[in-house]
Amino acid sequence: MDEQVRFARFWVDESRRTRRVLERIPEGATWVPDPKSRRAQAIAWQIVIEEGLILEALEKGVMHFTPVPMPETMAEILRKYDAQAATAEARLDLLPAARWSGEIAMGKRRTSASAMAWSFLFDLIHHRGQITTYLRAMGSKVPQVYGPSGDEP
């Protein structure tokens, strides 16, 4: 299995895990562990935006970020996540090998497309982990991610 196929399979698996975490964020939850912290909904929206950025950058060879206002509800964020996830696997499978092995323009800087994709995916996993640490304090349960959790043995 080549690296591009490995990434696509890894992405799909991680996306399913992420969905299980995002759906546990209670609607209207405002709890944060510290005044400097962001709400879980804002972190969830960052995950949605970053996943879209990765896909678009791989397809176009350029990463361009245009701020997108965060939806008001978790239900809307989940709808956007689901819509994006529904096409992600096909988009990755259709990605020409030259795009994967090429470079991405990020402003005035150029970087390896594959390295950028892996780096951003690991960042998304990190943010998903942040959300899991919020869930119990918000009155929710932590789903299984890589194995049993205290709430889902």
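Structure summary
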quantity: Expected 222 nm ellipticity per residue - DSSP helices of 4 or more, -39500 (n - 2.57), all of the chain, to 500; calculated: -19500 deg cm²/dmol
quantity: In degrees, nearest ten, helix 3-22 long axis to first principal axis of the chain (Cα); calculated: 20 degrees
quantity: Whole-angstrom Cα spans of region 8-53 along principal axes, big to small; calculated: 37, 21, 15
quantity: Tilt relative to the chain, helix 74-93 - C-alpha long axis, 0 to 90 degrees, to 10; calculated: 30 degrees
quantity: Count, lysine Cα pairs under 29 Å in the chain, 8 or more residues apart or across chains; calculated: 5
quantity: For the chain, size of Cβ-based charge dipole, Lys and Arg +1, Asp and Glu -1, in debye; calculated: 280 debye
quantity: Theoretical FRET efficiency, 1/(1+(r/R0)^6), r = Cβ-Cβ of Asp151 and Ser119, R0 41 Å, to 0.05; calculated: 0.85
quantity: Rg ratio (alpha-carbon, reference 2.2 N^0.38 Å) - the chain; calculated: 1.08
quantity: Loop GluC sites (Glu not before Pro), region 36-78, which have at most 13 other Cβ atoms in a 10 Å radius of their Cβ (DSSP); calculated: Glu72
quantity: Sites Asp34 and Ala90, calculated FRET efficiency, Cβ-Cβ separation with R0 35 Å, nearest 0.05; calculated: 0.30
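Rule-based calculations on the coordinates, nothing more; no lab input. The shown structure was predicted, so the numbers you read here are calculated from the model rather than taken from an experiment. Neighbour counts are summed over all protein chains in view; Cβ atoms, including those assigned to glycine, are modelled from backbone coordinates with ideal geometry.
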